[in-house]
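Here's the structure we're looking at; comments come further down.
Read-outs: derived from the displayed coordinates by stated rules, not from any lab. Note that the coordinates shown come from a computational prediction; the quantities given were computed from them, not determined experimentally. Every residue, glycine as well, gets a Cβ built from its backbone with ideal geometry; the counts of neighbours run over all protein chains shown.
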């Protein structure tokens, strides 16, 4: 086995025993990227050389282990463009809080940043200015999105582990499509400072890893209060690795009936049902539950997320950074810069969000959406009064073909139908590999828990993982 | 007057916190362009705002001083519009849940009190500065993100003078609170005005004009005065009035229409998801109330009650906090029973000395003990009031004591009858006609004779004593 | 709710995005489809529901009024497409 194929915790053990060096690990990644990146295209700006100084400190927790970062998380001095033309050449003068935390713990920030849908607008990674990423399990398929680059890099061993961001499923859905582990932490659990905002009330940074233990370790590092983020919660971070007990006996798991309706791929459905049976045999109790407002999650999301995005993305105007179309007229400069700098999906969402907030429509759209968001949150609150967690599919389908949904935005939006409610409710959820379709595409199992109960997710996910082998299977590239 | 003028003012005040509203950048004025900036106030991608505790505290103080109701539940909203001085292309402001509402401010116009309603006081952030050159506009973001308060009045002001008095009163209170420099020239206080005219007694408001670009309180008054005339003329000639924004041109003394192509503004306000809500409970309000200083109105009432001052005098003394403190120290230290004596000295000679020197009362270099000593000399009739004023001026100039200056100038009044007798005799001899007039009952003649004695004694004779001697001598 | 082209043009102006005629055509079709889908929300009775403008139950997050190091003007202007001395430069604003 090559070094790049190991999990982070395996490599940390090897680093501790001085069996390997951080430099060797970096080298193995570079070799792998040289070989498979032309097929997978998990990274942005591969041709450009940027410095990524190894940060090996024998005493530190992460001992120089490299980590791949999504292109929307600010890395001081490293180009950060959200895979958009409008941020061309942007080098942030500061590190995101998660990057500072990783560096403090001795991580090496990998110089190549992971590909993504422009500004995280998408579920397929096709909306990148740098072109699509390919699914390592089937190069004709999408890796999911928007953190498709991060997930594909981890799945193809072009990364040891990675950070993504999740606004409506952008970590969990690509994790599911690529057969890796992806966690969306509770809103407020991880600092958003330095995460280039898509929708501020929904965004969270989270880990994409090869197994649950890695996700627990990485969460332990990136979670925690940040005084620079008003929405970051000041609550102690437990040692998540202590949740990896392998025991779920007696846990009460809710199975939401609204997630098993028309639209759910039959193959996915039976794989998920098998996974649920597995959890039962491991000692958990399962019962059907109802999340009655599930069908409204997608429309609510596409109002709230686009409204916030329309405002968050107003700053990309060619004045302080990024791309500018020269003009001697200010308004023309703004309009041409934004017309040429944003891709079609970004424009679609900005216009939709601007409309939802505009005079005369605010109450009918934005305000109404905020109210339905309350109802969606209440659905979860109610279920969690009686249940420890909820288990459901991460996505209604396995990875789809590149181009298949690109021409139909609405169809694309519905890809996130099972992940969006979690962001609207602010709760944590994890996606773990739970099987493969006949064509060999991975399927993800989604586990959701109460706010700030990531421990429950790790416990259930780890127990399932330790009793199955899905996470050990690697794509042939 | 056929028409009633209706004015509402929108005042923006920069809070004098050490750091900006949402980041730790310094608020120092006059720094090199773009040197007081960071990723947050530049609106760099990924940066996030966290509000300044001191700014919230100051804002609540101000709202309480303006008798506003502090809202229990308040939040920040985004006001979206594109402009190069706005790095995020939205301003963090407040929309439907402002910090406070329903306050008032009492003003005096021609000594008539009037209560002006305050619609709301809300929190927001300042924009940057633009410099327009021939080819391009230059942007400096140093001012961006400085905490601002917007204070919106009800349309309760009915004349340019009332608007002026409102601003004066508002500034006085804010200075008492020490939450802003309130310097219109430096831009730490800005004022826009809405003005319309209607037939006296009419209920409907007329078409309003928004006035901008006034750089002083006088500018506000002048612009409003011009606008009253302009609108009156339009109404008289029944011309069409447009609802528009007009800029005050201080050079020409006129308002000019600001022709904008933009239609109605659509700011797309919505709650800022990067900031949490604020719950301001009674305990917090009570805590801040204890930090409130005595405000001008209260101080005035206390001065009247405690020191027996007239309302007019007390009002002058409390207009700025430092001067009021100075005056009160003087009054307290003054040993005489009638505190009005000291008040008269402050409002009279002292204030004119300050005005002459273009400084504030409290900035006068004057030892209070010496002032009291000087007043003592006058009361004991050791020196004349006139001499005392000269001594005061010299005291301020050179810091010498009252006693030394009186001695140096040989200003001691002559009240000794014998010393005065010779001079009086001479004057009686030399002014036979006036003596006769006095004897004939013309009291004015006595004044003349006293004046002559004063002249001959180089102003040192005590005029009261002189008058008495002459009266006795001639009766 | 039907979305006419004038509304889209107005919204595009508010958002400062220049739209080519072909884009306008395509967008109005796509956005109309999305809006039709979103309109299912109007079926819900939400009169008594409080809007969730903030999903977290946290409030009063404040920072102390302590100055912190700012960026140097060089760092602030490092990414600027156009600058002059210490200033950011934009096309002349016509007032």
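For the range B:301-353, what log10 I(q)/I(0) values come out of the Debye formula at q = 0.24 1/Å, with one point per alpha carbon and no solvent?
Results for the range B:301-353 at q = 0.24 Å⁻¹ read -0.90.
May I ask for the percentage of alpha-carbon pairs in chain A that lie more than 35 Å from each other?
Result: 24 percent of Cα pairs exceed 35 Å.
So what is the 222 nm mean residue ellipticity for chain B from helices alone, if each DSSP H run of at least 4 adds -39500 (n - 2.57) and you divide by all residues, rounding to the nearest 500 deg cm²/dmol?
-12000 deg cm²/dmol
Ranking request for peptides B:304-315, A:112-123: highest mean number of other beta-carbon atoms within 10 Å first, then the rest in descending order.
Per-residue mean Cβ counts within 10 Å order the peptides as A:112-123, B:304-315.
Take the Cα of residue C:22, step 7 Å along the line toward its Cβ, and report every residue of the range A:68-97 whose backbone nitrogen sits under 16 Å from that point.
none
Could you give me the radius of gyration and the Dmax of the range A:298-358, taking only the C-alpha atoms into account and expressing both in angstrom?
12.4, 42
Averaged across the residues of A:178-190, what count of C-beta atoms belonging to other chains lies within 10 Å of each residue's C-beta?
Whole-number average of other-chain Cβ neighbours for A:178-190 is 1.
How compact is the range B:268-400 by the rule of thumb for globular proteins, expressed as Cα Rg over 2.2 N^0.38 Å?
Expressed relative to 2.2 N^0.38 Å, the Cα Rg reads 1.49.
Viscosity 1.002 mPa s, temperature 20 °C: what is the translational diffusion coefficient of the range B:207-352 from Stokes-Einstein with a Kirkwood Rh over Cα pairs, rounded to a whole number of µm²/s?
103
Under 19 Å from a point placed 7 Å out from the Cα of residue B:69 along the Cα-to-Cβ direction: which residues of the range B:269-311 have their backbone N that close?
B:278-286, B:289
When the helices in chain A are scored as -39500 (n - 2.57) per DSSP H run of 4 or longer and the sum is shared across all residues, what 222 nm value do you end up with, to the nearest 500 deg cm²/dmol?
Result for chain A, helices only: -10500 deg cm²/dmol.
Could you tell me what a quarter of the Cα convex hull surface of the range B:315-393 works out to, in nm² with one decimal place?
Approximately 4.8 nm², given one-decimal rounding.
Hey, what number do you get for chain C at 222 nm if only DSSP H runs of n ≥ 4 count, each worth -39500 (n - 2.57), divided across all residues, to the nearest 500?
Mean residue ellipticity at 222 nm (helix-derived): -10500 deg cm²/dmol.
Just round it to a whole percent: the fraction of Cα-Cα distances in the range B:178-231 exceeding 16 Å.
51
Once the Cα gyration tensor of the range B:97-148 is diagonalised, what are the square roots of 5 times its eigenvalues, in whole Å and ordered largest first, as equivalent ellipsoid semi-axes?
Working through the eigenvalues yields semi-axes of 37, 18, 8 Å.
Determine, for C:83, A:474, the number of other Cβ atoms within 10 Å of each Cβ, and report the residues in order from fewest to most.
By the 10 Å Cβ count, ascending: A:474, C:83.
Please arrange B:248, A:137 by how many other C-beta atoms lie within 10 Å of their C-beta, fewest to most.
B:248, A:137
How many angstrom lie between the Cα centre of the range A:51-74 and the Cα centre of the range B:325-390?
Each part reduced to its Cα centre gives a spacing of 73 Å.
With the Cα gyration tensor of the range A:85-223 giving a ≥ b ≥ c as the square roots of its eigenvalues, does the rule (a/c under 1.5 for rounded; else a/b larger than b/c for prolate; else oblate) give rounded, prolate or oblate?
Since a/c stays below 1.5, the shape of the range A:85-223 is classed as rounded.
Quick one: Debye curve from the alpha-carbon atoms of chain B only, equal weights, vacuum; give me log10 I(q)/I(0) at q = 0.11 Å⁻¹ to two decimals.
Log10 of I(q)/I(0), two decimals: -0.99.
How would the range B:67-155 be classified by its alpha-carbon gyration tensor: rounded, prolate or oblate, with rounded meaning a/c under 1.5 and the a/b versus b/c comparison settling the rest?
Judged from the Cα gyration tensor, the range B:67-155 comes out oblate (a/c at least 1.5, b/c at or above a/b).
Report D for the range A:149-199 in µm² per second (integer): Stokes-Einstein, Kirkwood Rh on Cα pairs, 20 °C, 1.002 mPa s.
Roughly 186 µm²/s, to the nearest whole number.
Just the number: Rg to Rh for the range A:1-86, Cα atoms, Kirkwood Rh, two decimals.
For the range A:1-86, the value is 0.99.
Post the alpha-carbon centroid distance, the range A:294-316 to the range C:14-44, in whole angstrom.
13
Return the equivalent ellipsoid semi-axes of the protein assembly as shown as a descending list in whole Å, where each equals the square root of 5 times an eigenvalue of the C-alpha gyration tensor.
Each semi-axis is √(5λ); the values are 75, 31, 26 Å.
Calculate the radius of gyration of the Cα atoms of the range A:311-401 to one decimal place, then report Dmax, the largest Cα-Cα distance, as a whole number, both in Å.
Values for the range A:311-401 (Cα only, Rg and Dmax): 20.1, 63 Å.
Give me the one-decimal Kirkwood hydrodynamic radius in Å for the range A:284-436, with the sum taken over alpha-carbon pairs.
18.1
From the Cα gyration tensor of the range A:212-306, with a ≥ b ≥ c the square roots of its eigenvalues, which class applies: rounded if a/c is under 1.5, or else prolate if a/b is larger than b/c, or else oblate?
The shape class here is oblate.
So, by mean Cβ neighbours within 10 angstrom, what's the order for C:64-71, B:120-127 with the highest one leading?
Peptide ranking by packing, descending: B:120-127, C:64-71.
Taking neighbour Cβ counts within 10 Å as the exposure measure, how do A:258, B:363 sort from fewest upward?
Final ranking by Cβ density, sparse to dense: B:363, A:258.
Quick one: work out the % antiparallel among DSSP beta bridges in chain B, nearest 5.
Once the DSSP bridges in chain B are tallied, antiparallel ones form about 90 percent.
Which whole number gives the average, over all residues in C:38-47, of C-beta atoms from other chains lying within 10 Å of the residue C-beta?
What the average comes to for C:38-47 is 5.
For the range B:1-107, divide the Cα radius of gyration by the Kirkwood radius and give the resulting Rg/Rh value with two decimals.
With Rg and the Kirkwood Rh in hand, the quotient comes to 1.04.
Counting only other chains, what is the mean number of Cβ atoms within 10 angstrom of the Cβ of each residue in peptide C:24-32?
Going residue by residue through C:24-32 and averaging, the value is 2.
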